[in-house]
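Undergrad: Questions regarding the structure given below will be posed in turn.
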Amino acid sequence: MQYENLLIAEEDGILTLTINRESALNALNTRTMQELQHFFGVDAPERSHLKGIIVTGAGKKAFVAGADIKEFLDLDAEKGAEMSLFGQDVFFLIERFHKPVIAAVNGFALGGGCELAMACHLRIAGDDARFGQPEVNLGIIPGYGGTQRLIQYIGKSKATELLMTGDMIGAEEALRLGLVNHVVPPDATVDKAKEILNKIAKKGPIAIQKIIETVNAYFQYDEDGFASEVASFGHTTGTDDFREGAAAFIEKRKAAFKGK
Ligand code: CO8
C-alpha cells in the first residue's frame, strides 16, 4: 500500500510512524485509519528486525486532534457503528502488536488522538501536550476504545468526569493520573521514546512479547464494554444532536443541542 498520510522512517531498528495531516491537526480520516490498519496488520509484522515503533504526529501543534469531523456529516447510526468497530479493530492491532509501541505526544491528543495514544503500550508527553475526549461537545461518545481504555489508565471516577465534561488535561496532570509515562520538553519526546526502546531491546524479546500479552490479558478484554461502546457510538451518530454538533464545529459556532 502506498501511504498518503503516514510517514515511515527507520533508524537503528526503531521505526517512527508519523501521522502526516498537519493542516487538519493530523485528524484521523478514513484513509489514515486504513493506512494504520495496513501498517500494523501487514507491514510492521513483516519487519521482524524492529526493536519497536514510535507513533507521533506531524508538526508541533498536535499529535492527533481526533477523528476527522469533516467526514462525519454523512454518518448515520449504522455507518457510525461500523466505523467505530473498524477503528476499535485497528487500535487492537496496535495494542496487541508483539513489539513495544510508544506514543510520542506533542500538543493536542483529543478524541481519536487520545484513543490512539492509549492504544500504544507507553506514552511520552511533551510538556505542551493536552489530552481529552471532547466527543460530548459533538453530541457523541468516543468510538475507538476510549470509554474503556481511559478507565483502565486513570480509573472510573476521573475517567467518567473527563468523558462527561470533555475537559482537556495538561501533561503534568496526565502524568499524575497515570495516563502518560513521562513528561519531557516538547522536542525530546521521540528521543525519550528511543531511549526506552533501546533499553527494552536488550531484554529477551519473547519475554517482552509475553509481557504485552499478559498485561492485555489482565483486562480480559472486556469485549462487552467495547461492544457497548460500538452500540452507543452508533446510537449517538443517529441523533439530530450529532448532526448539529458536527455542523457547529465545521461552521465554527457553538452547538445548540435539543436532546433528539
Ligand atoms: N477533524 C477535522 N478537522 C480538524 C479537527 C478534527 N478533529 N481538529 C482540527 N481540525 C482542523 C480545523 O477544522 C482547522 O481546519 P481549517 O483551517 O480548514 O478551518 C485546522 O484543523 C486547525 O484547527 P483550529 O483552527 O480549530 O485550531 P485551534 O488552535 O483554534 O483549535 C483544537 C485546536 C482545540 C484542537 C480544535 O481544532 C478542536 O477542537 N478540534 C476538534 C477536537 C475534537 O473534537 N476531537 C474529537 C473528534 S471526534 C472523535 O475523535 C471520535 C473518535 C471516534 C470516531 C468513531 C468513528 C467515526
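The values are calculated or read from the model by the stated rules, or taken from the named source; none is laboratory data. Remember, it's a predicted structure, so these values are computed and weren't measured experimentally. Neighbour counts run over all protein chains shown; Cβ positions are idealised from the backbone, glycine included. Side chains are part of the model used for accessible areas, which takes the heavy atoms of the whole protein and leaves out ligands, DNA and RNA. Shrake-Rupley method; radii C 1.70, N 1.55, O 1.52, S 1.80 Å.
Undergrad: Got a sec? Which strands (runs of 3 or more DSSP E) wholly within the stretch 1-102 have at least 2 residues that are away from the ligand (no atom under 16 Å from the Cβ) and either in contact with a Pro (Cβ under 8 Å, 6 or more places away or on another chain) or of a type in the set (Asp, Glu) (or both)?
TA: Details: elements: 6-11, 14-19, 52-57, 62-64.
Passing ranges, in order: 6-11, 52-57.
Undergrad: Which residues, counting only those in the stretch 163-181, are in contact with a helix residue (DSSP H, G or I) (Cβ under 6 Å, 6 or more places away or on another chain) and either open to solvent by 50 Å² or more (accessible area, probe 1.4 Å) or closer than 18 Å to Asp127 by Cα (or both)?
TA: Initially, the stretch 163-181 is screened for residues in contact with a helix residue (DSSP H, G or I) (Cβ under 6 Å, 6 or more places away or on another chain), giving 166, 177-180.
If the condition is that a residue be in contact with a helix residue (DSSP H, G or I) (Cβ under 6 Å, 6 or more places away or on another chain) and either open to solvent by 50 Å² or more (accessible area, probe 1.4 Å) or closer than 18 Å to Asp127 by Cα (or both), then Leu177, Gly178, Leu179, Val180 are the ones that fit.
Undergrad: Find all pairs meeting these conditions: Cβ atoms under 6 angstrom apart; at least six residues apart or on different chains; first residue within the stretch 209-234 and open to solvent by less than 80 Å² (accessible area, probe 1.4 Å) and at pLDDT 90 or above; second residue more than 16 Å from the ligand (Cβ to nearest atom) and part of a loop (DSSP other than H, G, I, E, B).
TA: Listed by first residue and then by second, the contacts come to Gln209/His98.
Undergrad: Of all the residues that make up the stretch 116-150, how many are in contact with a strand residue (DSSP E or B) (Cβ under 6 Å, 6 or more places away or on another chain) and of a type in the set (Lys, Arg)? Step through it out loud before you land on a result.
TA: We begin by selecting, within the stretch 116-150, every residue in contact with a strand residue (DSSP E or B) (Cβ under 6 Å, 6 or more places away or on another chain); these are 116-117, 120-125, 127, 129-132, 134.
Narrowing the set further to residues that are of a type in the set (Lys, Arg) leaves 123, 130.
Final tally of qualifying residues: 2.
Undergrad: Regarding Glu195, is this residue acidic (Asp, Glu), touching a Phe, Trp or Tyr at 6+ places or on another chain (Cβ under 9 Å) and either over 23 Å from Ala231 (Cβ atoms) or open to solvent by less than 40 Å² (accessible area, probe 1.4 Å) (or both)?
TA: It is false that Glu195 is acidic (Asp, Glu), touching a Phe, Trp or Tyr at 6+ places or on another chain (Cβ under 9 Å) and either over 23 Å from Ala231 (Cβ atoms) or open to solvent by less than 40 Å² (accessible area, probe 1.4 Å) (or both).
Undergrad: If Ala65 satisfies every condition in (1) touching a residue at least 60 places away in the same chain (Cβ under 8 Å); (2) under 30 Å from Gly139 (Cβ atoms) but one, which is the exception?
TA: Among (1) touching a residue at least 60 places away in the same chain (Cβ under 8 Å); (2) under 30 Å from Gly139 (Cβ atoms), the lone unmet condition for Ala65 is (1).
Undergrad: List the number of the failed condition for Val101; all other conditions in (1) under 20 Å from Arg31 (Cα atoms); (2) crowded, with 22+ Cβ neighbours inside 10 Å hold.
TA: So Val101 meets the others, but not (1).
Undergrad: Another question about this same structure. Among the residues of the stretch 122-157, how many are more than 14 Å from the chain's Cα centre (by Cα) and open to solvent by less than 10 Å² (accessible area, probe 1.4 Å)?
TA: So the answer is 2.
Undergrad: If you don't mind, another one. So if I check each of Phe257, Phe242, Phe226, which one is closer than 21 Å to Ile69 by Cβ and part of a helix (DSSP H, G or I)? If you could, list the steps in order and put the result at the bottom.
TA: Numbers: Phe257 fails: part of a helix (DSSP H, G or I); Phe226 fails: closer than 21 Å to Ile69 by Cβ.
Only one candidate passes the filter, namely Phe242.
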